[in-house]
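Trainee: Have a look at this one before I ask anything.
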Amino acid sequence: MYEVSDLRKGLKIEINGQPYEVTEFDFMKPGKGQAIYTCRIKHMVNGSTMVKTYRQVDRIDIPQLSNKECAYSYQDGELFVFMDEYFEQVNLTKDFLGDRRHFLSEDMRVEILFHNNVAVDITLPTFVEKEIIFTEPGARGNTATNVTKPAQVAGGYEIQVPLFLNQGDIVKIDTRTGKYADRVSKK
Amino acid sequence: MSSHLERLKLRTVVLDGIRAFFSGRGYLAVETPLRIPAPALELHIDAPPSGSAYLRTSPELYLKRLLGMGAAKVFELGPCFRAGERGARHLPEFTMLEWYCVQAGYRDLMIETEELLAALWALAGNCAAFRPAVIAPTPPWPRWTVRETFLRLAGWDPVAQYDADRFDLDLVQKVEPQLPRDRPIILMDYPVEAAALARCRPGPPAVAERWELYMGGLELANAYGELTDAAEQRQRFETCARARAALGKAVYPLDEAFLAALTTGLPPCAGIAMGVDRLLMLLTGVERIDDVRAFVP
């Protein structure tokens, strides 16, 4: 069990058998009274959030979490199929993956987090490289640094890129944010 | 937002202003020990151990002993410590202002506090970092009893039937968020079970002569008509020692020198403790207590 003094942003806890992550945390103490810990917590699977209040005497369940290294195999309709080291299959849905599905490539090594044998999170390599397959030519002479334009990368995902990038350039995308990170090479 | 150095300049002006205010009113400025053998026993206030002693959580017991020695008015401005308290408005080491006055009641302290803050607001008004979070502390401040406030904002009367868990939780979740933010509020007459070191008034309803000052959503000060009865004080300390032991918390020795001073006789008096860093948060409009101190380790 966790004690309330263990609470901090990012801590993963369990409530009624469900896994949650602490997203905000505040310590309050009324006058001569006991400490009250107010947390905003997020359900690790469905993403719903709520506010939970703890007193100093409360104890909090520790979720049984385990990480497994898997390799991406193939897509089957709405399902994305991964294999662990024993060739045990793990199926994740399109909704579960969200935008991250666009960054998968065959044999990519990923970490899948399980709570009681149910997948609750996936971590991809931080950066992936993709080729720009379509973008409008940038307007010449526009050197403002913050100006971006939409670009479609291989697989169909759209990101905002700086104006100087062109079709055929390879870009680096941060899989945590889904955003353009850097230019890798010029066509 | 103002710069860190601008806020430290305002801090200097306010600390100087506090000392000038109390010196001008005939208060004795004292420095009592920081490292002490017997911190006041309170259920939810923990003193950090320091070798075989503790760091003080408040100068209260020493300041009252000075009243027993014949001082009529005393004040102290300095560091206090609380183990395990850390948040946007809590630091394990913070600056406390406490002052005590004989032959004064807890209502007299309300007026003196109004005058102190009006003076400090005027001084701070000349500083670049002045961004007051409340409009102005123009007196008189509304005085709300705990009973009527809880009945209105939390739907029950803790003075009639006290429930410690519910009281603490509702205070944080229901009462404090609904207090007006644009002016100071005095919350007064606490349940006798939440008296701490305040004396109780028979009633009906029986209440503790204690008040707290709220400003801009912050709990800023806590005041008592002081308990001066040695036997009752000893009994409260002993009850608290048992409750701390039951929770597995450290039980500090009783401060026998303080209890002896009460036995010899302490004149009727009132006292108040104010969190100076929080006052500076209000004057500079910052959300984090760290932003009004030079360093937070």
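The values are calculated or read from the model by the stated rules, or taken from the named source; none is laboratory data. This is a predicted model, so every value here is computed, not measured. Quick reminder, even Gly has a Cβ in these numbers, built from the backbone with ideal geometry, and neighbours come from all protein chains shown. Accessible surface areas use protein heavy atoms only, side chains included; no ligands, DNA or RNA. Shrake-Rupley method; radii C 1.70, N 1.55, O 1.52, S 1.80 Å.
Trainee: Quick one: which strands (runs of 3 or more DSSP E) sit completely within the stretch B:169-260 and have at least 2 residues that are under 22 Å from residue A:37 (Cβ atoms)?
Mentor: Ranges flagged: B:207-215, B:218-225.
Trainee: Which one of these is open to solvent by 40 Å² or more (accessible area, probe 1.4 Å) and in contact (Cβ under 8 Å) with a residue 24 or more places away in the chain: B:123, B:151, B:116?
Mentor: None of the other options fit; the residue is B:123.
Trainee: Still on this structure: So, in the stretch A:2-47, how many residues would count as being on the phi > 0 side of the Ramachandran plot and away from chain B (no Cβ under 14 Å)?
Mentor: Qualifying residue count, the stretch A:2-47: 4.
Trainee: Then there's this: Residues that are closer than 30 Å to residue B:4 by Cβ and out of contact with any helix residue (DSSP H, G or I) (no Cβ under 6 Å at 6 or more places or on another chain): does the stretch B:233-244 have at least one?
Mentor: So far as the stretch B:233-244 goes, no, none of its residues is closer than 30 Å to residue B:4 by Cβ and out of contact with any helix residue (DSSP H, G or I) (no Cβ under 6 Å at 6 or more places or on another chain).
Trainee: When the stretch B:139-154 is examined, which residues are found to be away from chain A (no Cβ under 14 Å) and under 21 Å from the mean Cα position of the chain (by Cα)?
Mentor: Within the stretch B:139-154, B:139, B:140, B:141, B:142, B:143, B:144, B:145, B:147 qualify.
Trainee: Within the stretch B:155-203, restricting attention to residues that are small (Gly, Ala, Ser) and more than 12 Å from chain A (Cβ to nearest Cβ), which residue is farthest from residue B:118 (Cα to Cα)?
Mentor: Looking at the filtered set, the residue picked out is B:160.
Trainee: Look at residue A:109 and say whether it is in contact with a Ser or Thr (Cβ under 9 Å, 6 or more places away or on another chain) and among the basic types (Lys, Arg).
Mentor: Spelling it out, it is not the case that residue A:109 is in contact with a Ser or Thr (Cβ under 9 Å, 6 or more places away or on another chain) and among the basic types (Lys, Arg).
Trainee: Hey, does the stretch B:274-294 have a residue that's within 27 Å of residue B:69 (Cβ to Cβ) and outside any strand (DSSP E or B)?
Mentor: yes
Trainee: Residue by residue through the stretch A:89-128, note down the ones that are open to solvent by 60 Å² or more (accessible area, probe 1.4 Å), among the charged types (D, E, K, R) and in a strand (DSSP E or B).
Mentor: Within the stretch A:89-128, A:109, A:111 qualify.
Trainee: A further question follows. Among the residues of the stretch A:56-74, write down those that are buried (at least 16 other Cβ atoms within 10 Å of the Cβ) and within 14 Å of chain B (Cβ to nearest Cβ).
Mentor: Within the stretch A:56-74, just A:56 meets the criteria.
Trainee: Further, regarding this structure: Mind checking whether some residue in the stretch B:230-237 is more than 26 Å from residue B:101 (Cα to Cα) and surrounded by fewer than 19 Cβ atoms within 10 Å (Cβ to Cβ)?
Mentor: No; the residues of the stretch B:230-237 include none that is more than 26 Å from residue B:101 (Cα to Cα) and surrounded by fewer than 19 Cβ atoms within 10 Å (Cβ to Cβ).
Trainee: Report whether or not residue B:242 is farther than 30 Å from residue B:280 by Cα, within 14 Å of chain A (Cβ to nearest Cβ), of a type in the set (D, E, K, R) and without any contact (Cβ under 8 Å) to a residue 24 or more places away in the chain.
Mentor: No: the conditions fail for residue B:242.
Trainee: Only one residue in A:27, A:87, A:96, A:80 is of a type in the set (A, V, I, L, M, F, W, C) and not assigned by TED's automatic domain parsing to the domain that holds residue A:116, so which one is that?
Mentor: A:27
Trainee: Also, I was wondering about something else. Could you tell me whether residue A:117 is more than 14 Å from chain B (Cβ to nearest Cβ) and under 30 Å from residue A:5 (Cα atoms)?
Mentor: So residue A:117 passes the test.
Trainee: Sticking with this one: Among the residues of the stretch B:180-206, which ones are open to solvent by 10 Å² or more (accessible area, probe 1.4 Å) and among the aliphatic types (A, V, I, L, M)?
Mentor: If the condition is that a residue be open to solvent by 10 Å² or more (accessible area, probe 1.4 Å) and among the aliphatic types (A, V, I, L, M), then B:192, B:194, B:196, B:206 are the ones that fit.
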